[in-house]
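I have a structure I would like to understand better, so I am pasting it below and will then ask my questions one at a time.
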Amino acid sequence: MKLVLLACLAAVAVAAPQFNDGRPIVLVLRDDRQDNGDGNFNFAFEADNGIAEERSGTPGLEGQSNMQGSFRFPLPDGTFAEVRYVADEGGFRPESPLLPTPHPLPAHAIEQIRIAEEQRAAGITFE
């Protein structure tokens, strides 16, 4: 019986969480939260590794929360990525130099669009 108990204790010790697994410990520098109870809120978070987020919100016209804010995080090269955003009736609109943008239309495509608009204005239609 003592051997079974000793084996159970050894299994528990081996299965215990290992907190020194080589990853750095990240400290929270700031965690501010304010909720007014009427749909208005503010939130700010910052960690010592550079990860941060700020967000504020208000009630929207259609029952949703309108939010605006930003977040940032470190990149492998040591710089930081930052994204600013607005989320409201118009959808989620992020802004950042890191986000891909569509290529500009070639000149011939712009010319075709101009011609089509002229034809539409003149009442010309194709079926």
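The values are calculated or read from the model by the stated rules, or taken from the named source; none is laboratory data. Owing to the predicted nature of the structure, the values given are computational and were not obtained by experimental measurement. Don't worry about glycine lacking a Cβ; one is built from the backbone with ideal geometry, like all the others, and counts go over all protein chains shown. The protein model used for the area step is the full one, side chains on, heavy atoms only, and it has no ligands, DNA or RNA in it. Shrake-Rupley method; radii C 1.70, N 1.55, O 1.52, S 1.80 Å.
Each row is one residue, and each column tells you yes or no for (1) open to solvent by less than 50 Å² (accessible area, probe 1.4 Å); (2) assigned to a strand (DSSP E or B).
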residue: Gly57; (1), (2): yes, yes
residue: Gly63; (1), (2): no, no
residue: Phe73; (1), (2): no, yes
residue: Pro76; (1), (2): no, no
residue: Ala81; (1), (2): yes, yes
residue: Tyr85; (1), (2): yes, yes
residue: Phe92; (1), (2): no, yes
residue: Leu98; (1), (2): no, no
residue: His103; (1), (2): no, no
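Just give me the residues in region 66-95 being in contact with an Asp or Glu (Cβ under 9 Å, 6 or more places away or on another chain), of a type outside the set (A, V, I, L, M) and farther than 30 Å from Pro24 by Cα, in sequence order. Walk me through how you get there before you give the answer.
Filtering region 66-95 for residues in contact with an Asp or Glu (Cβ under 9 Å, 6 or more places away or on another chain) gives 66-73, 83-86, 89.
From what's left, of a type outside the set (A, V, I, L, M): 66, 68-73, 84-85, 89.
Passing the criteria: Asn66, Gln68, Glu89.
Is it the case, given these coordinates, that Pro17 is at pLDDT 90 or above, part of a loop (DSSP other than H, G, I, E, B) and not charged (D, E, K, R)? Quick ask: steps written out before the conclusion?
On the way: at pLDDT 90 or above: no; part of a loop (DSSP other than H, G, I, E, B): yes; not charged (D, E, K, R): yes.
So Pro17 does not fit the description; no.
How many of the residues in region 28-53 are open to solvent by 100 Å² or more (accessible area, probe 1.4 Å) and closer than 23 Å to Thr79 by Cα? Please lay out each step first, then the result.
First, pick out the residues of region 28-53 that are open to solvent by 100 Å² or more (accessible area, probe 1.4 Å): 29, 33, 35.
Still in the running and closer than 23 Å to Thr79 by Cα: 29.
Residues flagged as open to solvent by 100 Å² or more (accessible area, probe 1.4 Å) and closer than 23 Å to Thr79 by Cα within region 28-53 amount to 1.
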